[in-house]
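Below is one structure. I have some questions about it.
The values are calculated or read from the model by the stated rules, or taken from the named source; none is laboratory data. Computed from a predicted model, the values in this text were never measured in an experiment. In this analysis, Cβ positions are derived from the backbone assuming ideal geometry, glycine residues included, and neighbour counts consider all displayed protein chains.
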Amino acid sequence: MVGQHLKLRREAAGLRVADFADAVGYGEDMVRKIERGARIPRPEYLDMADEVLGANGLVSAMKEKMREARYPKKVRQLAKLEERAVEVCLYSNHNIHGLLQTVEFSRALLGTRRPAYADEELERLVAARMARQSIFGRSPAPELSFVQEEVTLRRPIGGRMVLRRQLERLLEVGELRNVEIQVMPTSCGDHPGTGGRIQVLKFGDGTAMGRTDDEFAGRPISDPKQIRILELRYGIIRAQALTPRESRAFIEQVLGET
């Protein structure tokens with residue numbers, strides 16, 4: 001709808017695609033993709049379009065809807081919950097968690113899916129994952145705890161250089177005062193994370209939301225009794241993992257070996 005609206009305004013202004021692209025500072029191909037709904041326009045694109053088309057703020061006002069549309073439906077609710085959370089606890093056993101991924105690692109990881117995503121859908125999913133990382137810049141900052149299985153640090157998704165940059169990203173994020181990254185060594189074989197990923201988000205009003213791979217069909221749950229079970233499991237996992245300081249040294253060692 002936004003793309004169609006922009007196209008109608010451009011045509012009403014008597015501007016060809018080439019002229020409009022020139023005026024807003026984007027390529028013709030990008031303008032065409034936005035107008036047919038294949039690409040989601042960035043906020044700055046809408047601001048430039050508003051100015052060029054003399055829309056008096058009506059085009060710029062679409063930014064909030066476009067911000068939501070960056071996320072595919074299946075992760076839109078999750079993104080909203082992450083934006084509200086004051087504490088986030090995440091255990092990942094197969095891959096580096098999406099909030100920690102680099103663009104290159106994310107693209108390579110999503111590219112392993114079968115059947116494969118179309119190029120435009122793949123880029124949209126990568127952009128959505130990167131947009132969720134705005135959680136690191138929030139104020140007040142939420143408390144973020146990550147526990148990564150050792151194997152996720154060693155699997156060369158995208159190749160050696162992509163993995164190296166990903167490990168460097170973990171070290172960068174781990175320096176933030178509100179972030180703790182821990183590594184669960186493969187040698188620890190009796191922790192309660194063998195059922196899959198665990199996610200617990202806590203909110204300012206005292207409520208919480210959780211999710212795990214092996215129960216509740218992977219659906220989000222909010223029942224206090226079920227949340228307590230996930231918190232118990234995560235607490236044990238966190239206690240059995242390497243400390244944040246030990247984990248940093250471990251990641252640096254893996255980086256040196258990669």
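Can you pull out the residues in the stretch 86-106 that are more than 14 Å from the chain's Cα centre (by Cα) and either surrounded by fewer than 21 Cβ atoms within 10 Å (Cβ to Cβ) or β-branched (Val, Ile, Thr) (or both)?
Val86, Glu87, Asn93, His94
What's the number of the condition Glu180 fails, among (1) under 15 Å from Phe105 (Cα atoms); (2) at pLDDT 95 or above?
Failed condition: (1).
Please give the number of the condition Glu175 fails out of (1) modelled with pLDDT of 95 or more; (2) exposed (fewer than 13 other Cβ atoms within 10 Å of the Cβ); (3) more than 18 Å from Val88 (Cβ to Cβ); (4) of a type outside the set (Phe, Trp, Tyr).
(3)
Determine, yes or no, whether Gly54 is more than 29 Å from the chain's Cα centre (by Cα) and either surrounded by 15 or more Cβ atoms within 10 Å (Cβ to Cβ) or touching a residue at least 40 places away in the same chain (Cβ under 8 Å) (or both).
When the stated conditions are applied, Gly54 passes them.
Same structure, new question: May I ask you to list the residues in the stretch 137-157 that are surrounded by 13 or more Cβ atoms within 10 Å (Cβ to Cβ) and among the small types (Gly, Ala, Ser)?
Ala141, Ser145
A further question follows. Could we say that Glu82 is within 24 Å of Gln182 (Cβ to Cβ), modelled with pLDDT of 90 or more and acidic (Asp, Glu) here?
No; evaluated as a whole, the condition is false for this residue.
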